[in-house]
Amino acid sequence: SLPAGGKLGIAARMSPEFLEQLPKPFRDALPARAANDEAMKKLANQSGCLTCHQVEPGGKGPDGLPPIGPAWKDVAAKYKGQKDANKALTHTVLTGSNPYESHWKGKVSGLAMPPNAVAIKEADAKQLVKWILGLEAAKKS
């Protein structure tokens, strides 16, 4: 049977024969990555992040409008390779963003990110932002 949501993780979709051909460090990392993904999604849900954000791009917000906040894979793509992205985004998560400097204008329905220091601890925010920045953009087919 399929897990909640009806989707299998990438490790579950790979055949045992394929997995056996991978070098051991890669095989060992697959379950750890999946467990970390689930832990980060749980943290995001408990902290209220998923009220405005989604992991995958292309989703809709309330009443079919654009989503309230950007998809995290879009955030990861936008900040890829930027030196202080983790620090800057953690600061934004905790203190909020300026609605007059919105760089997601026209892509999301929200004007600014509210401060979230009451909803998530700084250490957890750092960990979540690090995970978000490590997400890969969806492959276009």
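Counting only protein chain heavy atoms and rolling a 1.4 Å probe, the accessible areas of M40, M113 rank, largest first, as M113, M40. Subtracting the Cα-Cα distance of A123 and K83 from 0.36 nm times their residue separation leaves 12.5 nm of extension gain.
Against the criterion of solvent-accessible heavy-atom surface with a 1.4 angstrom probe, H91, H103 sort, most first, into H91, H103. Take E56: with every protein chain present and a 1.4 Å probe, its accessible area is about 90 Å². Among the listed pairs K60/K80; K73/K126; K80/K121, a Cα-Cα separation exceeding 22 Å is found for K60/K80; K80/K121. Full extension of the chain segment joining N116 with D63 gains 16.6 nm, where the gain is 0.36 nm per residue of separation less the Cα-Cα distance. Of D124, D63, the order by accessible heavy-atom surface (1.4 Å probe, DNA, RNA and ligands excluded), from most exposed downward, is D63, D124.
So which trypsin sites (Lys or Arg not before Pro) in segment 50-141 pass both tests, a DSSP loop state and at most 15 other Cβ atoms within 10 Å of the Cβ? Don't skip to the end; give the middle numbers.
Details: sites: K60, K73, K78, K80, K83, K87, K105, K107, K121, K126, K130, K139, K140; in loops: K60, K80, K83, K107, K121, K139, K140.
Loop-located and lightly packed - K60, K80, K83, K107, K121, K139, K140.
The values are calculated or read from the model by the stated rules, or taken from the named source; none is laboratory data. Not measured: the values here are computed from a predicted model. Cβ sites come from the backbone with ideal geometry, for glycine too, and all protein chains shown count toward neighbours. For accessibility, only protein heavy atoms count, side chains too; no ligands or nucleic acids. Shrake-Rupley method; radii C 1.70, N 1.55, O 1.52, S 1.80 Å.
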